[in-house]
Structures are given as structure tokens and as C-alpha cells.
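Beneath this line is the structure, given in C-alpha cells, with notes to follow.
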Amino acid sequence: MAQKMNLLHLTILALLVLLGNSRCGSEARAINDDVDNSIESGVADKPAQSMSSKQSSPRTRFGQDWIKFTKTPPVKIMQNPGTPVEIVCEVMGSQIPTIQWVVGHLPLSEIDSIESNVISESSASAIVKVRSVHVIDHVLSEPRTYTCVGRTGSKTVYASTTVYPQSDLKELLQLREKPFMGPIRPRIVYSERMHLDLVGSNVVLPCKVHARPRAEVFWMNEEGNLIEQNQRFKLLPSGDLLISDIKWEDMGAYKCIARNAMGKDTADAFIYPVQREAEN
């Protein structure tokens with residue numbers, strides 16, 4: 001119990017720090033170089049008012065759409081010959097934000113109209129941190145731009161990375177976008193790092209895996225015990241963990257483990273149930 005309370009205090013402190021800062025320490029970048037300053041902020045708002053233009057307390061954040069980067073991808077990456085590239089992106093926001101990746105340059109006017117290809121639960125009372133890893137498992141023949149697009153409600157943020165092939169021209173002409181063949185160690189490419197929601201809510205912890213051959217996925221609790229399926233805990237065919245009607249005692253860390261013959265990968269998610277306010 002003492003360990004769980006320490007985790008709770010650390011989580012609350014981290015949450016207050018994250019919510020108290022109106023801007024992320026590392027700015028999101030614009031997709032095009034010839035755009036104005038409002039676009040360079042990397043935040044596309046449907047309303048005229050930007051998310052970061054006002055300070056607000058954590059309490060008022062629960063009823064608003066907001067999203068921010070907690071880890072922006074690098075501006076550029078060099079692809080070593082014969083080596084896959086991984087680009088990491090993390091966002092945190094109200095409800096349940098989603099992340100998807102766009103390949104190539106995209107005008108700002110089209111960002112907000114992108115239909116999300118991520119299936120996600122919706123919860124107006126949730127605050128969630130999401131992590132996505134984009135894996136490039138083929139040889140690039142030319143520089144290419146990959147854009148992380150985070151979205152929740154009416155808010156959209158984005159940041160772009162350009163990947164440069166590090167090979168001579170003759171080698172690139174021979175490879176021509178050749179994919180890497182053979183088995184691949186599992187890589188968890190979509191997960192939640194933290195999920196805060198009201199007691200009684202249903203929570204789905206995603207665990208999407210990139211692997212060859214297909215990886216076995218299972219979950220463990222913070223005591224290191226395998227989570228057995230029952231009426232409230234269900235392992236979905238996608239590898240996601242569904243926890244129905246979350247309770248205060250469900251608070252803690254949950255670990256997704258993906259494993260195949262080449263190795264394994266893990267991802268931790270912390271669930272923090274919030275007590276509902278008593279009605280007057």
C-alpha cells in the first residue's frame with residue numbers, strides 16, 4: 001500500500017507539472033517551411049483561440065479539449081544501411097487522444113481533415129498520455145518526411161521528421177525501397193503511458209505490436225503477476241487490455257509484454273482512478 005501511495009503522489013505531482021505548463025518544452029514544428037508564425041506553433045485549432053493562449057488550472061482542464069506533446073520526434077534522422085528506423089512521438093491530452101503518422105509533405109489545410117485510422121475509446125473525463133513508434137522497415141531511396149499527428153476533440157498537434165538515406169547513389173538505385181526481410185524482434189508501436197479516469201469508467205490499454213513472426217502478447221500487474229481474464233479484465237484479440245468498471249484498487253502500473261522467437265518488448269501504463277465528486 002505504501003508503494004502504491006508513493007506512486008500516486010508522484011503521478012499527481014507529474015500531472016500537475018504537465019498541466020500547469022501551457023506549452024511543451026520542445027515546440028512542435030510546422031510541416032511546410034513557408035508558413036506563418038501561427039502555423040509554426042504546430043497546433044491547429046478549429047476555434048480561433050489557441051490552447052496555449054490561456055493558463056488554466058488542472059480542474060478546468062477536465063471539461064475542455066486540450067492536447068500537447070510530451071515527446072516530439074527529432075527534426076531529422078539518418079538511416080544506416082540495412083537498419084530499420086524508429087521515430088517516437090508522445091502526446092498527452094483530454095478525453096483519449098490518438099496518434100497517427102502521415103508520409104510525405106502535407107499542407108496545413110489538410111491536417112485537420114485527416115480521418116484518424118486509430119480505433120480508440122472515448123471518455124470525456126479521461127486524461128491520457130499516448131506513445132506511438134513509427135517503424136520504417138525498408139530501405140529509403142530518397143529523403144522522406146514522416147509527420148506525427150496527435151488529435152483529441154477539436155485540437156490537433158503535429159511534428160515532422162525527415163529521414164535521410166545514408167548510402168551512395170549506386171547502392172540506392174539497386175535497392176529501390178527494398179524491404180528488410182527475415183524475422184523481426186517485437187516492437188510495441190502504440191501504447192498508453194498514463195490513463196486517468198473516473199471510478200466506474202471502462203479503460204482500454206492499447207498494445208499494438210510490430211513483429212515478424214507474429215508476437216504473443218500478455219499483460220502483468222505491478223506485482224509481476226500474469227493478469228488472468230475474468231469478468232472485469234479481458235485481453236482483446238488486438239492485444240489490448242480492457243478493464244471494465246475501474247475501481248480505486250485498480251490503481252497502479254500495468255505492463256504489456258510482446259514476445260516472439262527473436263526477443264521481446266515491454267510497455268508500462270499507469271492507471272489512476274479518480275473518485276467522483278459527491279452530488280449535493
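The values are calculated or read from the model by the stated rules, or taken from the named source; none is laboratory data. Everything quoted here is computed from the prediction, not taken from an experiment. Cβ coordinates were reconstructed from backbone atoms using ideal geometry, including for glycine residues, and neighbour counts include every protein chain displayed. Only protein heavy atoms, including side chains, enter the accessible area calculation; ligands, DNA and RNA are left aside. Shrake-Rupley method; radii C 1.70, N 1.55, O 1.52, S 1.80 Å.
Values as computed for the structure displayed
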{"item": "Any pair with Cβ under 8 angstrom, 6 or more apart, that starts in the stretch 138-156 at a residue that is over 21 Å from residue 78 (Cα atoms) and in a loop (DSSP other than H, G, I, E, B) and ends at one that is among the polar types (S, T, N, Q) and open to solvent by 10 Å² or more (accessible area, probe 1.4 Å)", "result": "153/95"}
{"item": "Count of residues meeting criterion [buried (at least 20 other Cβ atoms within 10 Å of the Cβ) and in contact with a Gly (Cβ under 9 Å, 6 or more places away or on another chain)] in the stretch 235-246", "result": "1"}
{"item": "Count of the stretch 203-231 residues which are in a loop (DSSP other than H, G, I, E, B) and under 18 Å from the mean Cα position of the chain (by Cα)", "result": "1"}
{"item": "Where a residue in the stretch 79-108 is within 23 Å of residue 143 (Cβ to Cβ) and open to solvent by 10 Å² or more (accessible area, probe 1.4 Å) and its partner, wherever it lies, is charged (D, E, K, R) and part of a loop (DSSP other than H, G, I, E, B), with Cβ under 8 Å and at least six apart", "result": "84/137"}
{"item": "Subset of the stretch 232-248 [part of a loop (DSSP other than H, G, I, E, B), within 24 Å of residue 132 (Cβ to Cβ) and not β-branched (Val, Ile, Thr)]", "result": "236, 237, 238, 239, 240"}
{"item": "Unmet criterion (only one of (1) open to solvent by less than 20 Å² (accessible area, probe 1.4 Å); (2) touching a Lys or Arg at 6+ places or on another chain (Cβ under 6 Å); (3) β-branched (Val, Ile, Thr)) for residue 203", "result": "(2)"}
{"item": "Checklist (1) touching an Asp or Glu at 6+ places or on another chain (Cβ under 7 Å); (2) within 25 Å of residue 127 (Cα to Cα); (3) of a type in the set (A, V, I, L, M) applied to residue 236, failing item", "result": "(1)"}
{"item": "Candidate set: the stretch 93-102, residues that are part of a strand (DSSP E or B) and over 8 Å from the mean Cα position of the chain (by Cα); chosen: the one farthest from residue 145 (Cα to Cα)", "result": "94"}
{"item": "Residue that is least open to solvent (accessible area, probe 1.4 Å) [pool: residues in the stretch 111-127 that are modelled with pLDDT under 60 and among the acidic types (Asp, Glu)]", "result": "112"}
{"item": "Matching residues, the stretch 206-228, being without any contact (Cβ under 8 Å) to a residue 24 or more places away in the chain and either open to solvent by less than 70 Å² (accessible area, probe 1.4 Å) or of a type in the set (D, E, K, R) (or both)", "result": "223, 224, 228"}
{"item": "Matching residues in the stretch 249-263 - criterion: being closer than 20 Å to residue 228 by Cβ and either in a strand (DSSP E or B) or basic (Lys, Arg) (or both)", "result": "252, 253, 254, 255, 256, 257, 258, 259"}
{"item": "Filter result for residue 144 (modelled with pLDDT of 70 or more and either among the aromatic types (Phe, Trp, Tyr) or open to solvent by 20 Å² or more (accessible area, probe 1.4 Å) (or both))", "result": "yes"}
{"item": "Residue list for the stretch 193-208, filter: charged (D, E, K, R) and either touching a Phe, Trp or Tyr at 6+ places or on another chain (Cβ under 7 Å) or closer than 16 Å to residue 131 by Cβ (or both)", "result": "193, 208"}
{"item": "Some residue of the stretch 247-258 being buried (at least 19 other Cβ atoms within 10 Å of the Cβ) and among the acidic types (Asp, Glu)", "result": "no"}
{"item": "Index of the failed condition, residue 170 passing every other in (1) open to solvent by 60 Å² or more (accessible area, probe 1.4 Å); (2) at pLDDT 95 or above; (3) over 26 Å from residue 240 (Cβ atoms)", "result": "(2)"}
